[in-house]
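The values are calculated or read from the model by the stated rules, or taken from the named source; none is laboratory data. Just so you know, these numbers come straight off a predicted model, no measurement behind them. Using ideal geometry, Cβ is built from the backbone for each residue, glycine included, and neighbour counts are taken over all protein chains shown.
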Amino acid sequence: MERAEIIEHVRISLSDVLNRELPTLTEETRLFEDLALDSTSVIELLMGLEDTIGMEIDPDDLEPEVFQTVARLTDYIERGFNRVAVG
């Protein structure tokens, strides 16, 4: 999956979780500071991403840094796809 596709899936999932459109989501967007995510919305986001991208996300595998920005979350998802492709 291309990086732009992953970012689009993140945007759609974030819009669903936050119940608002996010037309200007960029890789620099901070999930907690800019979008006001909290721990509950992070879980909803992960479940939404699992459904839309078809990737199993292990919460024990996640470091807090993954949720700093859209870019960090996208990097994590890309690594997950690369592990599946190689494995």
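Below, the figures for the structure above:
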read-out	value
Residues within the range 17-59 that are in contact (Cβ under 8 Å) with a residue 40 or more places away in the chain and of a type in the set (Val, Ile, Thr), tallied	4
Search result, residues across the range 49-71 that are assigned to a helix (DSSP H, G or I) and over 15 Å from Glu5 (Cα atoms)	Pro59, Asp60, Asp61, Pro64, Glu65, Val66, Phe67
Filter result for Ile77 (part of a helix (DSSP H, G or I), at pLDDT below 95 and surrounded by 14 or more Cβ atoms within 10 Å (Cβ to Cβ))	yes
Subset of the range 59-74 (residues that are of a type outside the set (D, E, K, R) and at pLDDT below 90)	Pro59, Leu62
Residue satisfying all of: in the range 19-45; of a type in the set (Ser, Thr, Tyr) and not in a helix (DSSP H, G or I); modelled with the lowest pLDDT among these	Thr24
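Each row is one residue, and each column tells you yes or no for (1) farther than 26 Å from Arg83 by Cα; (2) surrounded by 14 or more Cβ atoms within 10 Å (Cβ to Cβ); (3) in contact with a strand residue (DSSP E or B) (Cβ under 8 Å, 6 or more places away or on another chain).
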| site | (1), (2), (3) |
| --- | --- |
| Glu21 | yes, no, no |
| Thr24 | yes, no, no |
| Thr29 | no, yes, yes |
| Ala36 | yes, no, no |
| Leu46 | no, yes, no |
| Leu62 | no, yes, no |
| Gln68 | no, yes, yes |
